[in-house]
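Chemist: Below is the structure I would like to discuss, written out as structure tokens.
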Amino acid sequence: MTAIVLPERIVEVARSWIGTPYHHQASLKGVGCDCLGLIRGVWREVYGAEHEQIPPYSMDWAEASKRETLYEGAKRYLLEVDITHPLRGKGVERVQVGDIVLFRMKEKGPAKHCGFVATDGKQRTLIHAYSGGYKVREEPLTLAWALRAAYAFRFPDAAEYGEKLSEGVPKFDEPRFAAPGEEG
């Protein structure tokens, strides 16, 4: 693990996944990944092994659990960036290159999509894996995406990462996710 994780490094690694086919629950560069798998893959390249195994999840996992599961998981390992703003969609202006944004795909639904913020030198972009036969791609971070932004996170540097782990991150054998129909 490096002492400081530079945002440029995060974007460089995320871009190296561009072209990876979408595959639900996967996280293998060049083979297949979904949006969470992209985040996990970049994490592994930057930090090494993941500290938590992600249990199998269905395409409607967030709706079935009635929880902000993606947010809860991100909060355990990443540093939250406040994107609250009185004007809907404006809070995303607070994110920086290399940050991760979580999106609500339905206005009142849970956040269930995520991607990395980057720039092409002219505008901010989004690197993400999107279902529907797409591959990991980079596209403009448009107003339509900004309006869906629910939460944002940043990869911690090594010191912050150590502090997060010392805060009591659940052990592998402790339950972290509620199965569909279970209380969480």
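Here, each number is a calculation from the coordinates, and none is a lab measurement. Treat the numbers as computed from the prediction; the structure is a model and nothing was measured. Reconstructed Cβ throughout: ideal geometry from the backbone, glycine too, with neighbour counts over all protein chains shown.
Chemist: Work out, step by step, the length gained on full extension between Asp60 and Lys75: first 0.36 nm times the residue separation, then minus their alpha carbon distance; give nm to one decimal.
Modeler: That works out to 3.3 nm of additional length.
Chemist: Go through Pro110, Ile100, Tyr130 and say which Cα lies farthest out towards the positive end of the charge dipole of region 94-133; charges sit on Cβ, +1 for Lys and Arg, -1 for Asp and Glu.
Modeler: Highest projection toward the positive end goes to Pro110.
Chemist: Jot down the radius of gyration and Dmax of region 7-166, Cα atoms only, both in angstrom.
Modeler: 14.6, 41
Chemist: Loop-only check: which trypsin sites (Lys or Arg not before Pro) in region 101-158 are DSSP coil with at most 15 other Cβ within 10 angstrom?
Modeler: Lys106, Lys108, Lys122
Chemist: Then there's this: Run through region 1-53 and list the GluC sites (Glu not before Pro) located in a DSSP loop whose Cβ has at most 13 other Cβ atoms within 10 Å.
Modeler: On the way: sites: Glu8, Glu12, Glu45, Glu50, Glu52; in loops: Glu50, Glu52.
In loop regions of region 1-53 (DSSP not H, G, I, E or B), the sparsely surrounded GluC sites (Glu not before Pro) are Glu50.
Chemist: So how much slack lies between His51 and Val31, counting 0.36 nm per residue of separation and subtracting their Cα-Cα distance, in nm?
Modeler: Full-extension gain reported as 5.0 nm.
Chemist: Can you give me the distance in nm between label points at Met105 and Ile4, each placed 7 Å from the Cα along the Cα-to-Cβ direction?
Modeler: Computed distance between label sites Met105 and Ile4 equals 3.8 nm.
Chemist: Also, quick follow-up: Which one of Cys33, His85, His23 has its Cα pushed farthest toward the positive end of the charge dipole of region 1-109, where Lys and Arg give +1 and Asp and Glu give -1 at the Cβ?
Modeler: Checked the options; the winner is His85.
Chemist: Assuming R0 = 30 Å, can you tell me the calculated FRET efficiency for the pair Arg15 and Thr84, based on Cβ-Cβ distance, to the nearest 0.05?
Modeler: Computed FRET efficiency for Arg15 and Thr84 comes out at 0.55.
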